[in-house]
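Note sheet for the following structure.
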Amino acid sequence: MHPVDQKRADMTTRVLVTGISGYIGQHVGAELLRQGYEVVGSVRSTAKVDPTRKAIETVAPVDNLSFVEADLLSDNGWDEAIAGCTYVMHVASPYVMSAPADENELITPAVEGTKRVILAAQRAGVKRLVLTSSTVAIISGQDNGRYGPDAWSDANARIGAYSKSKTLAERAAWDINRDNAMELTVINPGGAFGPSLGAQPDSVSVMMVSDLVNGKMPMIPDLALGMVDVRDVARLHVTALTATQAAGQRFIAASEEPIEMASLAATLKQAGYAKVPSRKAPKFLLQLMSLFNGDVRTMLPLIGKRIYLDNTATFEVLGWQPTPVEESITEMAASLSK
């Protein structure tokens, strides 16, 4: 499709990035390219190649970017995709716009896809795999309090299909690699904000900000989350590839204090987005809406919660320098308004 320049490839370190066409995946690919890596991006369909290349090209050189077609639900193509790669970034995870009627629509591809990629990486003798998980694999179903990388969401509780898929996929990764056949590092981002490079909306945060600035969200839910800039997430992924102390660790990529959605709305309002609401949604109304709206049903367990995160290791081991959330949210809104 896009043949790799062999002479150039011999001089650089090759990394496979799954899910490179997504919001976080595009930023991860761009950061790797800026730092001189050769990037092989996996896509489910070749139709995603040109839009992804063009999006990444706006912020990074793409001479060392190539693509392979591989599906999380099929064994085909993964051994070929990983051949010659020193590292793997498994960013891909299924996402649907609203909660599915059958939770396995999300859970099966997330878990089976993670197993498939890790086993292929082990077979290929990959040095280290960095997995994109989420703070929902840590905090879902938890009471108010402070939680660190040693905490896990209870997948048997009613935590919603998305949270369950992320929790079970990460559990599967650690389980398959329990004999340390290769080095495994996990990044657990919170709500990721910051400019979209042009990916199709495939994250809750992208849809949330889009709905806020376009007036599709009439009231603001009492929701507060640990947040992070998507560019910080990408930099942390790349640092985690080679940081000696990162092997075998989970890293929380999110603010220690939960940031209220009302605060994000106020920032956007101040930046001139007139359609952003200021009224807060009463919980009883959200409970009523959850009966027929899957998105609201997924959000409901987090309403009113205030969960703090222990991100100490992310600063100490990966040298994180957080981007101010105000900058992230305004740049994200500007990118979505183009």
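The values are calculated or read from the model by the stated rules, or taken from the named source; none is laboratory data. The shown structure was predicted, so the numbers you read here are calculated from the model rather than taken from an experiment. When we count neighbours, we look across all protein chains shown, and the Cβ atoms used for this are built from the backbone with ideal geometry, even at glycine.
Some values worked out for this structure:
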read-out	value
Residues of the stretch 69-119 satisfying the condition of being aliphatic (A, V, I, L, M), over 19 Å from Val130 (Cα atoms) and not in a loop (DSSP other than H, G, I, E, B)	Leu106, Ile107
In the stretch 227-268, the residues that are over 26 Å from Tyr308 (Cβ atoms) and either touching a helix residue (DSSP H, G or I) at 6+ places or on another chain (Cβ under 7 Å) or not in a loop (DSSP other than H, G, I, E, B) (or both)	Val238, Leu241, Thr242, Thr244
Ser66 vs. criteria of a type in the set (Gly, Ala, Ser), modelled with pLDDT of 95 or more and crowded, with 24+ Cβ neighbours inside 10 Å	no
Tally, over the stretch 24-44, of residues that are in contact with a Leu (Cβ under 8 Å, 6 or more places away or on another chain) and assigned to a helix (DSSP H, G or I)	5
Residue selected from the stretch 303-338 under the condition assigned to a loop (DSSP other than H, G, I, E, B) and in contact with a Leu (Cβ under 7 Å, 6 or more places away or on another chain), by the criterion nearest to Val238 (Cα to Cα)	Trp320
Checklist (1) modelled with pLDDT under 95; (2) under 21 Å from Ala121 (Cα atoms) applied to Tyr23, failing item	(2)
Matching residues in the stretch 258-281 - criterion: being touching a residue at least 24 places away in the same chain (Cβ under 8 Å) and farther than 18 Å from Ala192 by Cβ	Ala262, Ala271, Tyr273, Lys275, Val276, Pro277, Ser278, Arg279, Lys280, Ala281
Residue match in the stretch 275-296 (condition: within 22 Å of the chain's Cα centre (by Cα), assigned to a helix (DSSP H, G or I) and either more than 28 Å from Ala161 (Cα to Cα) or among the small types (Gly, Ala, Ser) (or both))	yes
Filter result (part of a helix (DSSP H, G or I) and within 21 Å of Val206 (Cα to Cα)) within the stretch 50-60	Pro51, Thr52, Arg53, Lys54, Ala55, Ile56, Glu57
Wholly enclosed strands (runs of 3 or more DSSP E) of the stretch 125-217 bearing at least 1 residues modelled with pLDDT under 95 and buried (at least 17 other Cβ atoms within 10 Å of the Cβ)	191-193
